[in-house]
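Asks: Structure incoming, see below.
All of the numbers you see were taken from the coordinates with simple rules; none came from a lab. None of these values were measured; they are calculated from a predicted model. Note: ideal-geometry Cβ built from the backbone for every residue, glycine included; neighbour counts use all protein chains shown.
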Amino acid sequence: MFTFMILITGMLSSLSTQDLAPSYATSAIHAPIAVHQDSVENKQQVQSTIYPANSGLETLNGITLQDRIRDVDALYGKPLEKRPAYMGGDEYLYGDLVVGAYQNWIDYVSVPASLEFFNLNGRDLPMDAKEIRKQLGRPDFVADDGFGYEHDGQAIKIFTDSQGEVRSVDLFDNSSV
């Protein structure tokens, strides 16, 4: 029954909402963040419309954790390489993009800083830690190797080096951590 529900969820996720648009569907023009005014005393407070996703399904470069490898292949073509993943399953390389999967279900997505931008829930963001914090707000967690945001069992982690420079942005299921 659980497998059936997962399959139905996967099929319904393809009936996408605006924030599920693949990264290649975004233009070079970056849309501004919505401004929300709470009260006269608070002046203007920027509230991110990027995270969390309205649908509840976070997307990183057009991929959700409810997708399957065939969905990634539809967006990016066949992977350049497939290799065993560290924690089981397989890791697929689509150019610089790395996608981990277990039994063809997406387990994680990793976008390296070499790409200069990543697409989160339909919005392009630069690989700049300060700008990411500015756009997404205060992180839900901070670690020696970066910071991140959690929502409905999903985590987006910005991995940084010792100087605070972004190394990669990853989407994964935080219930397995």
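Asks: Below 15 Å, Cα to Cα, which aspartates and glutamates can K82 reach? Residues fewer than 8 away in the same chain don't count.
Replies: Filter leaves D73, D90, E91, D96, D107.
Asks: While we're looking at this one, here's another question. What is the stretch 120-171 by shape, rounded, prolate or oblate, if you read a ≥ b ≥ c off the alpha carbon gyration tensor as root eigenvalues and call it rounded for a/c under 1.5, prolate for a/b larger than b/c, and oblate otherwise?
Replies: oblate
Asks: Just to confirm a number: summing +1 for Lys and Arg and -1 for Asp and Glu over residues other than S110 whose beta-carbon lies under 12 angstrom from that of S110, what do you get?
Replies: -2
Asks: How big is the gap, in Å, between the Cα center of the stretch 145-169 and the Cα center of the stretch 100-139?
Replies: 8
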